[in-house]
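In what follows, a structure is listed as structure tokens, so that the remarks can point back to it.
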Amino acid sequence: MLGLNKKDFNLLLVVVVLAMLAPFILNPFPENSGLAQFNAGYPDLMQKFVIFGIFAIGFNILFGLTGYLSFGHAAFLGVGSYSCVWMFKLLGYNVLPGIFLSIITSGIFAYLIGIVSLRRSGIYFSILTLAFAQMSFALAYSVLSNPKFNLTNGETGLQVYADDPQIFHSENMPDLPHLFGLSMRATEKLQIGAWEFQFNAGYYLCAVIMILMFYLSVRIFRSPFGMMLRAIKSNNTRMNYTGLNARPYTLAAFVISGMYAGLAGGLLSAVDPLAGAERMQWTASGEVVLMTILGGAGTLIGPVLGSGLIKYFENIFSKINDSVLHGWFSFLPDGLEDVMVTLIHPFVGKGWHLTLGVMFMLIVIFLPGGLVEGGQRIKRMISGKKAGDEAEDEATQSTPAE
């Protein structure tokens, strides 16, 4: 169905269900309970889950299939963001032109960078992409903010002003990003007992796009093109000896991956019409690498899980402070309560990166396949199967869908 085998179709259904029902799934605790701080079902965070999921899915097409590790993908995220905001400034707040331009400009930019970077492989390729990303950041932060041709507005960030042309903007349209009049900030709330669920238009637009991009990535993974990319990762030298030129395939994967990143950048501006140079910093490129490895590089759903985990830590786990910790351990004697707070304090709040680092280290050591491998191990424990029993299923999964 839809050109997918049964296993891939079931995986697509899982992604659809998780995306569509996220307002319920991510709000498991009542609003007035002490655990409500762990709820993640509010629009701003749900949007980040799916947008960075798109970013990681695209990165996985390059890294997971070809093995080419790019440290410069944030450049395409930033280009997409700036492109979308410029469409807002020139045409109006309808998000579709901005998203479309984000994909096109990031694809062109990725092609230009890929032509140079893919002349090398391994660590040299990674350093080249990092260098291009840092040059892009420097251009956006300073050079292109020159008053004579201000394209990025420097450290302030590019945004829409009242004197911008906005050729197609009319008075009956919202003064915010919208989809044919439906504001991206439009939110319906549903109160069920002590629970409150929020359904945001911007989130569902991003979620539908993520589902489509996930489906496209599955088709790429199972296509002959995807098999060629796997062959490059497996043994590029042997491919060259057979007379096959790998560079057009790696360049195509690099451009597709860059377009995914540009789409994610465009969606970031679509839900929040502001583009800043910080989206092009090397830290953003490193973040998508972590997302992919934590979830499971080369797997289909792994990057989505990894992006969700990191964004959850960044937005929820980082809010746990000493007062929250004291509330957790208030049942203990005062001295022991203080000891527990002191022990846990470095791993929460501003120290959430330390927890993430420890988790990343443990996953790399014990679960090289990321969260997906962990899920597979749990599944085998429950079903009583061994890893070898699934070899035939994995071989079937790796063949292109007819």
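The values are calculated or read from the model by the stated rules, or taken from the named source; none is laboratory data. Bear in mind the structure is a predicted one, so any value in this text is a computation, not a measurement. Please note: Cβ atoms are built from the backbone with ideal geometry, for glycine as well, and neighbour counts cover all protein chains shown. Note: accessible area is taken over every heavy atom of the protein model, side chains too, but ligands, DNA and RNA are not part of it. Shrake-Rupley method; radii C 1.70, N 1.55, O 1.52, S 1.80 Å.
For the reader, a short list of remarks on this structure follows.
- Spacing of the two label points (7 Å from each Cα toward its C-beta) at residue 149 and residue 329, in nm: 5.8
- Computed from backbone phi, the HN-Hα couplings of the range 330-335 come to 5, 6, 8, x, 3, x Hz, rounded to whole numbers (Karplus: 6.51 cos²θ - 1.76 cosθ + 1.60, θ = phi - 60°; Gly and Pro given as x).
- Between residue 234 and residue 208, the FRET efficiency estimated from the beta carbon spacing at R0 = 35 angstrom works out to 0.50.
- Using the Cβ-Cβ distance between residue 216 and residue 163 with R0 = 35 Å, the FRET efficiency computed as 1/(1 + (r/R0)^6) comes to roughly 0.35.
- The sum of -39500 (n - 2.57) across all DSSP H runs of n ≥ 4, divided by the residue count of the chain, sets its helix-only mean residue ellipticity at 222 nm to -20500 deg cm²/dmol.
- Pairwise centroid distance, computed over Cα atoms, of the range 40-55 with the range 199-220, Å: 11
- Accessible surface, per residue, of the range 82-148 when the full set of protein chains is kept, probe 1.4 Å, Å²: 49
- Among the trypsin sites (Lys or Arg not before Pro) found in the range 230-300, not one is both in a DSSP coil and sparsely packed, with 12 or fewer other Cβ atoms within 10 Å of its Cβ.
- Within the accessible area of the chain (1.4 Å probe), percent carbon and sulfur: 67
- Per-residue extension of 0.36 nm, minus the Cα-Cα distance of residue 316 and residue 283, leaves a gain of 9.9 nm for this segment.
- Using the Cβ of residue 201 as centre and a radius below 15 Å, the other residues enclosed give a net charge of -1, where K and R count +1 and D and E count -1.
- A run of the chain free of exposed loop cleavage sites, with chymotrypsin sites (Phe, Trp or Tyr not before Pro) counted only in DSSP states other than H, G, I, E and B and at most 11 other beta carbons within 10 Å, reaches its longest extent at 1-160.
- Working note: Karplus 6.51/-1.76/1.60 with θ = phi - 60° gives the range 119-125 the couplings 6, 10, 10, x, 5, 5, 4 Hz, where Gly and Pro are set to x.
- Remark: the range 137-145, residue by residue, has Karplus-estimated 3J(HN,Hα) of 4, 5, 4, 5, 6, 10, 4, 7, 9 Hz, where x stands for each Gly or Pro and the curve is 6.51 cos²θ - 1.76 cosθ + 1.60 at θ = phi - 60°.
- Per residue solvent-accessible surface (Å²) - the range 180-261, probe of 1.4 Å: 50
- Amide H contacts of residue 153 (H built 1.01 Å from N, under 5 Å, at least 5 apart or other chain): none
- Added length on full extension, which subtracts the Cα-Cα distance from 0.36 nm per residue, residue 32 to residue 353: 112.7 nm
- Measuring only protein heavy atoms, the 1.4 Å probe finds residue 167 accessible over about 120 Å².
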